[in-house]
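Notes follow the structure.
The values are calculated or read from the model by the stated rules, or taken from the named source; none is laboratory data. The model shown is predicted, which means the values in this text are computed figures rather than measured ones. Cβ atoms come from the backbone with ideal geometry, glycine included; neighbour counts cover every protein chain shown. In case anyone asks, the SASA skips ligands and DNA or RNA and just uses the protein heavy atoms, side chains included. Shrake-Rupley method; radii C 1.70, N 1.55, O 1.52, S 1.80 Å.
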Amino acid sequence: MLTLIWIVAVLIGFVTLAYRNVSGAVWAGGIVVALAASWIAHALPLALNVVLTGAFIVLAIPLLIPSLRRKLMSDAVLGAFRKVMPPMSQTEREALEAGTVWWDGELFSGRPDWRRLLATPEPTLTPEEQRFLDVETAELCAMASDWEAQNVYKDLPPHVWQFVKDKGFLGMIIPKEYGGLGFSGFGHSQVITKLSTRSGTAAVTVMVPNSLGPGELLLHYGTEEQKRHYLPRLAKGLEIPCFALTNPNAGSDAAAIPDYAFVRWGEHEGKRVLGLSVTWDKRYITLGPVATLLGLAFRVYDPDKLLGDKDDLGITCALIPTSHPGVEIGRRHMPLNAVFQNGPNSGRDVFIPMEWVIGGQAMIGKGWRMLMECLAAGRGISLPASNTGMSILAVRAVGGYARVRTQFKTAIGKFEGVEEPLARMGGNLYMMDAARRLTAAAIDLGEKPSVVSAIAKYHITERARQTINDGMDVIGGKGICMGPANFLGGAYMQHPVAITVEGANILTRSLIIFGQGAIRCHPYVLRELQATRETDRQKASVAFDEALFGHVRFTLANFARTLVTGLTGSHFVGVPADVAPATRRYYQQLTRFSAVLAFLADVAMAVLGGNLKRKEKLSARLGDILSLLFLCSATLKRFEAEGRQAADAPLMHWAIWDAMYKAQVAIEGVISNFPGRVLPGLLWRIVFPLGRPYEVPADDLGHQVAQLLIQPSATRDRLTTPMHVGREEDDPVGLIERALTATVEAEPVEAKLKAAMRDGRLDGRMPPDTGVEAQAERAVAAGVIDRDEARTLIVQRGLVARVIRVDDFPADLGASLLQPAIDAGAAATPTAPARTAERARATRELV
Ligand SMILES: Cc1cc2nc3c(=O)[nH]c(=O)nc-3n(C[C@H](O)[C@H](O)[C@H](O)COP(=O)(O)OP(=O)(O)OC[C@H]3O[C@@H](n4cnc5c(N)ncnc54)[C@H](O)[C@@H]3O)c2cc1C
């Protein structure tokens with residue numbers, strides 16, 4: 001009995017010390033106490049006491065004396081580590097080490113400090129940014145029509161391009177001292193979000209110069225002379241920039257670009273200067289066909305050793321005016337009918353002077369590091385903003401449509417089957433927008449959150465895809481037939497672009513989020529890796545020893561936390577006192593899952609070692625856990641920041657339940673795919689000792705969310721800010737808004753009609769050609785409704801008829817109308833503007 005009590009006490013003591021992540025000395029003290037108790041109480045047989053005490057002395061002395069510990073243990077592990085570590089190229093290292101660790105590091109700690117998250121200042125707009133959003137951005141939204149851009153101009157119309165340039169849209173990130181707008185990350189994000197609720201073409205056109213490209217690179221790495229020359233011109237749209245990295249043979253593996261330059265003497269502006277002879281072949285380059293300034297990435301070689309003794313100097317970025325002789329640019333791709341400018345460019349042995357290298361000659365070979373460092377800001381703002389914008393459009397317009405469109409005499413949004421996608425749309429949007437804001441807030445705090453921006457890029461674009469697909473399903477044929485009345489088909493077609501660019505999504509999920517996250521966010525792995533590369537033996541030994549033993553304690557701590565929070569349902573996990581009571585359990589469960597993530601990540605690294613890099617499915621699932629924890633954090637933060645709006649709570653609850661359920665599924669996927677049977681079985685019992693805590697969001701909760709989408713309310717407005725609603729008579733979204741208000745007003749009138757028909761006060765049998773006016777007149781005559789109600793009904797039916805209308809065209813879809821333009825092109829080769837004007841006339845007639 002005594003032995004049993006001793007064993008239980010030792011186990012409890014072990015888990016407690018591990019849970020608290022105590023130092024080596026405290027561990028030693030704990031063991032001494034346990035052994036002393038055993039000796040005094042005779043808890044164990046004498047022989048066993050002697051063996052255990054002896055083993056403790058033999059192990060504890062070297063463990064507690066650092067120099068001995070290093071000699072006997074850490075140095076041997078370091079040597080083994082160096083042998084099994086997969087080789088890492090410089091570009092891989094630069095990619096891994098780029099950017100900063102922020103809240104993602106807390107999520108990897110097993111014990112996130114929620115106060116730190118809640119204390120992060122909410123991003124806000126300056127009065128100037130707010131005005132720009134309300135005035136210039138709204139005006140641009142009103143001017144930009146994707147239908148017109150796609151079918152008339154195959155581009156933004158010239159007057160819209162001019163407006164974009166004149167108002168400074170292309171220089172939002174350029175500081176005021178260089179003539180730009182000097183907007184914050186959040187200001188920039190709000191503008192792109194709003195534009196995306198209206199026109200993908202306008203949004204991409206504005207987004208690209210403000211994302212990773214010449215502007216951003218010049219700001220961080222340009223020489224003062226380059227900045228003073230180019231930044232004011234870029235800010236005012238006097239230069240249109242593009243940035244060309246992708247080569248036909250190097251897309252995702254961009255560091256492998258075969259584009260090259262040789263260091264050479266050559267002729268520039270009549271002088272013999274040292275420069276680069278560049279050869280390149282790029283494709284998919286956004287704004288390329290209209291660019292005046294080509295940002296170009298290529299690898300520099302110095303075979304004649306003109307700059308030193310190295311041959312391969314590495315990836316380099318330069319700015320080349322597209323008017324420069326030898327630059328082939330102007331042809332276009334057609335990215336899914338989106339018509340923003342995008343195309344290939346190339347050059348062969350094009351000589352450029354050294355001063356065209358961004359940052360000058362000193363920055364030759366630093367291009368990859370520059371790109372990786374700047375990627376976080378661009379990727380964290382542009383695609384999260386544009387995809388949240390498209391989703392805002394989908395949620396607002398589809399929600400309204402689902403209320404005004406009736407089938408089986410019922411608004412389609414009230415059918416349970418339709419409620420399901422509507423709930424997904426609402427919950428996902430709440431979470432996406434929360435993540436967009438939190439990422440922008442981090443960037444405005446000066447972070448370059450590389451892992452967080454990859455999470456935001458992947459998860460917001462994936463949720464936008466789901467949201468737009470759901471929206472398309474809800475609106476049926478209305479979304480499929482293209483024309484000016486179709487408000488969602490454009491987003492549906494163009495959306496895969498977001499999935500593919502700035503790190504294609506499969507790659508981002510399988511390789512980047514956890515691959516980079518595990519190394520950067522883990523408190524010890526990067527330090528261990530750096531120690532393996534340290535050439536000074538003594539420094540390497542000390543650094544590795546500290547990291548290794550910190551790592552061991554960290555793993556033990558997360559094992560203990562995983563087990564204890566699992567056994568106690570995480571009920572005793574501390575939560576800041578001032579969070580909304582309804583969300584307390586979420587913080588506790590998130591802390592639990594954070595410990596699970598850290599523990600499983602360590603198990604994965606220990607079991608698979610360097611092979612983990614190739615186990616992309618496992619890496620993807622571990623990345624999903626990290627990402628979902630981030631998305632939930634953002635969602636809880638949003639709920640607090642918006643004043644815990646009770647009416648919005650269903651959106652928050654749905655989003656968290658859905659994400660936590662998905663995190664749980666990812667955890668299951670990780671555990672069940674570890675090799676063998678013993679390890680998965682053991683891990684299962686440690687991680688889920690009392691079963692799985694999460695289920696899919698309840699149907700009732702989904703019902704509440706769907707209800708929020710199909711009626712006007714402050715919640716719907718908050719959820720869809722900063723939506724652009726067109727004021728023009730035929731604007732399809734404006735029409736839905738008016739029809740929705742009218743429908744909500746008309747529903748009681750409809751109810752009166754139905755009741756009167758049911759109890760025989762009104763004869764419902766009317767000839768099929770009876771108009772709404774005559775129906776209303778009859779109801780008035782029968783005393784069922786009054787004249788105002790009749791008018792409400794007539795207005796509502798009229799608006800709904802316009803909302804559900806889809807465009808139709810002549811049988812040849814207008815080919816004959818375009819014939820004069822085609823003939824003119826064949827006969828007289830008219831200038832491009834003349835052809836455009838002819839096509840514009842024909843297309844307008846068509847519409
Ligand atoms: C409309 C558009 C605009 C663009 N704008 C620009 C621009 O302005 N400038 C520029 O330089 N580039 C631009 N790009 C290029 C873009 O960045 C690339 O398309 C992207 O990097 C993917 O390369 P890829 O298309 O060659 O696909 P591939 O590299 O062939 O990839 C195909 C698939 O394989 C997956 N994959 C590849 N490697 C792995 C891996 N190790 N693990 C898991 N999955 C993997 C990818 O995720 C993808 O799903 C643009 C592309 C498009 C379509």
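Taking the criterion of being without any contact (Cβ under 8 Å) to a residue 24 or more places away in the chain and touching a Ser or Thr at 6+ places or on another chain (Cβ under 9 Å), would at least one residue in region 69-86 satisfy it?
Yes, that holds for at least one residue.
Residues in region 31-47 that are closer than 17 Å to PHE14 by Cβ, part of a helix (DSSP H, G or I) and open to solvent by less than 90 Å² (accessible area, probe 1.4 Å): how many?
7
Could you give every pair whose Cβ atoms fall below 6 Å, whose first residue belongs to region 237-249 and is within 20 Å of ASP281 (Cα to Cα), and whose second residue is in a strand (DSSP E or B) and within 6 Å of the ligand (Cβ to nearest atom), counting only separations of at least 6 or pairs across chains?
CYS242/ILE285; ALA244/ILE285; THR246/TYR284
Out of GLY347, GLY314, which single residue is assigned to a strand (DSSP E or B), more than 16 Å from the ligand (Cβ to nearest atom) and touching a Gly at 6+ places or on another chain (Cβ under 7 Å)?
GLY314
Within region 490-513, can you find the residues that are closer than 27 Å to ILE475 by Cα and either in contact with a His (Cβ under 6 Å, 6 or more places away or on another chain) or more than 7 Å from the ligand (Cβ to nearest atom) (or both)?
Hits for region 490-513 are GLY490, ALA491, TYR492, MET493, GLN494, HIS495, PRO496, ALA498, ILE499.
Which condition from (1) under 18 Å from GLY343 (Cβ atoms); (2) surrounded by fewer than 17 Cβ atoms within 10 Å (Cβ to Cβ); (3) away from the ligand (no atom under 11 Å from the Cβ) is the one that PRO248 breaks?
The single condition PRO248 does not satisfy is (3).
Identify, please: which residue in region 281-296 is touching a residue at least 60 places away in the same chain (Cβ under 8 Å) and either under 16 Å from GLU502 (Cβ atoms) or crowded, with 21+ Cβ neighbours inside 10 Å (or both) and is, among those, farthest from the ligand (Cβ to nearest atom)?
So the residue we want is LEU293.
For a quick check of your reading of the model, give me the residue pairs whose first member lies in region 494-517 and is of a type in the set (Gly, Ala, Ser), whose second is within 7 Å of the ligand (Cβ to nearest atom), with beta-carbon atoms closer than 7 Å and at least 6 apart or on different chains.
ALA504/SER252; SER510/GLU616
If ALA782 passes every condition in (1) at pLDDT 90 or above; (2) closer than 23 Å to LYS478 by Cβ but one, which one does it miss?
(2)
Quick one: would you say ARG584 is without any contact (Cβ under 8 Å) to a residue 24 or more places away in the chain, among the basic types (Lys, Arg) and within 27 Å of ARG692 (Cβ to Cβ)?
It is true that ARG584 is without any contact (Cβ under 8 Å) to a residue 24 or more places away in the chain, among the basic types (Lys, Arg) and within 27 Å of ARG692 (Cβ to Cβ).
When you go through LEU526, LEU556 one by one, which is the residue that is modelled with pLDDT of 95 or more, within 24 Å of SER619 (Cβ to Cβ) and not polar (S, T, N, Q)?
LEU556
Considering only residues that are in contact with a strand residue (DSSP E or B) (Cβ under 6 Å, 6 or more places away or on another chain), farther than 30 Å from VAL273 by Cβ and within 14 Å of the ligand (Cβ to nearest atom), which ones fall in region 317-344?
ARG332, HIS333, PRO335, ASN342
Filter region 695-714 down to the residues that are of a type in the set (Ser, Thr, Tyr) and crowded, with 18+ Cβ neighbours inside 10 Å and list them by number. Let's see the steps before the verdict.
The initial filter retains those residues of region 695-714 that are of a type in the set (Ser, Thr, Tyr), namely 713.
The answer is none; no residue qualifies.
Let me spell it out: the conditions are (1) more than 17 Å from PRO241 (Cβ to Cβ); (2) open to solvent by less than 20 Å² (accessible area, probe 1.4 Å); (3) more than 14 Å from the ligand (Cβ to nearest atom); (4) out of contact with any strand residue (DSSP E or B) (no Cβ under 6 Å at 6 or more places or on another chain), and PRO353 meets all of them except one. Which number is the exception?
Result: PRO353 fails condition (4) only.
If you go through region 431-443 one residue at a time, do you hit one that is within 15 Å of the ligand (Cβ to nearest atom), in contact (Cβ under 8 Å) with a residue 24 or more places away in the chain and not small (Gly, Ala, Ser)? Spell out how you get there, then give the answer.
Within region 431-443, the subset within 15 Å of the ligand (Cβ to nearest atom) is none.
Looking through region 431-443, none of the residues is within 15 Å of the ligand (Cβ to nearest atom), in contact (Cβ under 8 Å) with a residue 24 or more places away in the chain and not small (Gly, Ala, Ser).
Out of ALA595, ALA582, ALA620, ALA604, I need the residue that is modelled with pLDDT of 95 or more, of a type in the set (A, V, I, L, M, F, W, C), in contact with a Ser or Thr (Cβ under 7 Å, 6 or more places away or on another chain) and more than 19 Å from PRO112 (Cβ to Cβ). Which one?
After applying the criteria, what remains is ALA620.
Do you know which of the residues in region 514-552 that are among the aliphatic types (A, V, I, L, M) and open to solvent by 40 Å² or more (accessible area, probe 1.4 Å) is farthest from the ligand (Cβ to nearest atom)?
Taking the candidates together, the pick is VAL542.
Check every one of the helices (runs of 4 or more DSSP H) wholly within region 667-746 and list those with 2 or more residues that are touching a Pro at 6+ places or on another chain (Cβ under 7 Å).
By residue number, 699-709.
Kindly establish whether ILE460 is away from the ligand (no atom under 16 Å from the Cβ) and over 12 Å from the mean Cα position of the chain (by Cα). Write out each step before concluding.
Values: away from the ligand (no atom under 16 Å from the Cβ): yes; over 12 Å from the mean Cα position of the chain (by Cα): no.
No: the conditions fail for ILE460.
Name the single residue that is farthest from the chain's Cα centre (by Cα) among those in region 207-230 being more than 16 Å from the ligand (Cβ to nearest atom) and touching a residue at least 60 places away in the same chain (Cβ under 8 Å).
Only one residue tops the list, namely GLU225.
Look through region 360-401, keep the residues that are touching a strand residue (DSSP E or B) at 6+ places or on another chain (Cβ under 8 Å) and closer than 30 Å to ASP470 by Cα, and return whichever of them is surrounded by the fewest Cβ atoms within 10 Å (Cβ to Cβ).
ALA376
Please find, within region 722-736, the residue that is surrounded by the most Cβ atoms within 10 Å (Cβ to Cβ) out of those that are without any contact (Cβ under 8 Å) to a residue 40 or more places away in the chain and either out of contact with any Asp or Glu (no Cβ under 7 Å at 6 or more places or on another chain) or acidic (Asp, Glu) (or both).
ASP731
Give the residue that is surrounded by the most Cβ atoms within 10 Å (Cβ to Cβ), with candidates limited to residues of region 307-325 that are more than 32 Å from the chain's Cα centre (by Cα) and among the aliphatic types (A, V, I, L, M).
Top of the filtered list is LEU313.
Taking the conditions exactly as written (closer than 30 Å to HIS551 by Cβ and open to solvent by 50 Å² or more (accessible area, probe 1.4 Å)), does THR16 satisfy them or not?
On the way: closer than 30 Å to HIS551 by Cβ: yes; open to solvent by 50 Å² or more (accessible area, probe 1.4 Å): yes.
Criteria met by THR16.
In this structure, does ALA235 turn out to be open to solvent by less than 10 Å² (accessible area, probe 1.4 Å), among the small types (Gly, Ala, Ser) and within 11 Å of the ligand (Cβ to nearest atom)?
Criteria not met by ALA235.
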